[in-house]
Amino acid sequence: MNSVVVNPDALEQLITAILRADDCSLDEAMAVAHHLVAASLCGHDSHGVIRIARYHQWLGTGQIKPCQPLRTIVDTPHLLQFDGGDGMGQWLAREAIAVGVERAREHGSCILALRRAGHIGRLGAYTEQVCRAGLISIQLCNVAGSSLVAPFGASQRCISTAPIAIGVPIPDGEDFILDFATSLVAEGKALVAGQGGAALPDTALVGADGELTSDPLALYGETLESPAPNPRAGGGALRPMGDHKGSGLALACELLAGALTGNGTNGPKEHAFGNGLLAILIDPAKLENLDGFAAEAAAYVQSVRSARPDKNTETVLTPGDKERATAAERRRDGLPLPPAVFAAITEIAEQLSIDISPNDLLRATAHGPR
């Protein structure tokens, strides 16, 4: 299906205006809009601008709340705990990580727990944030109130998509950014597929009957045709990546990012929707390394990229390479959106009486990467 190619800067401004009309503060509206567009630019469309229709709906129903402050629960030199009050997750997570960065710079390390953070979006964005400060981070996330994944060997939902991200700074700026959902595909990729985007792998989902399928209807049911499909409306489930290994990682995210942070798990007790985040931040400068951490890390990553490719691969990539290349291409040529996503965004803008300039929105930009 043909895509609608848009100017990412104009789209970011439009999403900011939508969130402002939904009573978000200017700072959080700009933070969320930038996060969504940046996720789409780097190829993570599942966590990108496709989400704005759902955010608009949730802000209208109170499922997420605008203008929520980041509230400190625990504050020790090496341990922080925050509560987001079900606010705008991207803004809350950015602010929490910023505090964690300063604490890790001061003390060498910091463990950060964030609960009730709405939806924080693409987890890799926060490892990038930490890498820009020259620090390492290991981050685990769960989504309470969003049981979407069946554990290995099951056909019943018991787990969230439970992403994990690891960021290691590399001196040339091409940081190691590992970011993946522990489900075989992220829920947003099923949403993209259901709205005309790339099809899912044949084994991405399991139906209520226990049969494997690629049909997003198993996840969304009849709501797939609505402006904001509900992933909890179908009788099926997403499947874990890597069979028992991915399932085990997902359960670890539920225990550490869900139970430990106070966000809640997807167990028998019902919890309100929201992200929990457990982040471990380390300042490599505080550790002695005779060969020099930065030089060793850069040399190793480059040696992996220089490895002999197999017959089906042109160039060996390391985590973060593909995202950087995709972002540069999409910023140069314009951001492609499924027509249904573009229509949903413009419809929301019209409902909110936000002026749209089609020429500006559809014109690609020649700016370099941000």
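Every number in this text was worked out from the coordinates using simple rules, so none of it is lab data. Since the model is a prediction, treat every value here as computed from it, not as a measurement. Here the Cβ is made from the backbone with ideal geometry for all residues, glycine too, and neighbour counts use every protein chain on show.
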I'd like to know how the range 18-149 sits against the 2.2 N^0.38 Å rule of thumb: what's its Cα Rg over that expected value? 1.04
Starting from the coordinates of the alpha-carbon atoms of the chain, obtain the Kirkwood hydrodynamic radius over all distinct pairs and give the value in Å to one decimal. 21.1
Amide H to amide H, which residues 5 or more places from Asp175 or on other chains are under 5 Å from it, using H placed in the peptide plane? Ile170
I need Asp355, Asp75 ordered by Cβ neighbour count within 10 Å, fewest first. Asp355, Asp75
Assertion target for Lys269, Lys311, Lys245, Lys65, ordered by fewest C-beta neighbours within 10 angstrom first, is Lys311, Lys269, Lys245, Lys65
Which whole number in µm²/s is D for the range 183-325 by Stokes-Einstein, with the Kirkwood Rh taken over Cα pairs at 20 °C and 1.002 mPa s? 114
Part-to-part distance (alpha-carbon centres) for the range 42-65 and the range 94-146, which is given in Å: 20
If you average the sequence gap of Cα pairs under 8 Å that are 6 or more apart and divide by the length of the range 1-84, what percent do you get for the contact order? 21
Reference-scaled alpha-carbon Rg (2.2 N^0.38 Å with N residues) for the range 280-370: 1.74
In whole angstrom, and with the biggest value first, how far do the Cα coordinates of the range 98-194 range along each principal axis? 46, 28, 24
Residues whose built amide H sits under 5 Å from the amide H of Ile64, excluding neighbours closer than 5 in sequence, are Leu59
Net charge, Asp22 excluded, C-beta distance under 15 Å - Lys, Arg +1, Asp, Glu -1: -2
Cα-based Rg then Dmax for the range 165-233, in Å, read 15.7, 51
How about the range 197-273: which GluC sites (Glu not before Pro) there are in a DSSP loop, with at most 14 other Cβ atoms within 10 Å of their Cβ? Glu211, Glu270
What are the radius of gyration and Dmax of the range 117-156, computed over its Cα atoms and given in Å? 14.3, 42
With only helices counted (DSSP H, runs n ≥ 4, each -39500 (n - 2.57)), the per-residue ellipticity at 222 nm for the chain, to the nearest 500, works out to -11000 deg cm²/dmol
Using Stokes-Einstein with the Kirkwood hydrodynamic radius over Cα pairs, what translational diffusion coefficient do you get for the range 14-66 at 20 °C and a viscosity of 1.002 mPa s, in µm²/s rounded to a whole number? 196
Take the Cα atoms of the range 204-269, build their convex hull, and give its volume per residue in Å³. 112
For the range 229-297, which semi-axes, largest first and in whole Å, follow from the square roots of 5 times the eigenvalues of its Cα gyration tensor? 35, 17, 11
Would you pull out the residues with amide H under 5 Å of Val5's amide H, same chain only if 5 or more places away, H placed 1.01 Å from N? Leu337
Would you calculate the volume per residue, in Å³, of the smallest convex hull containing every Cα atom of the range 57-97? 56
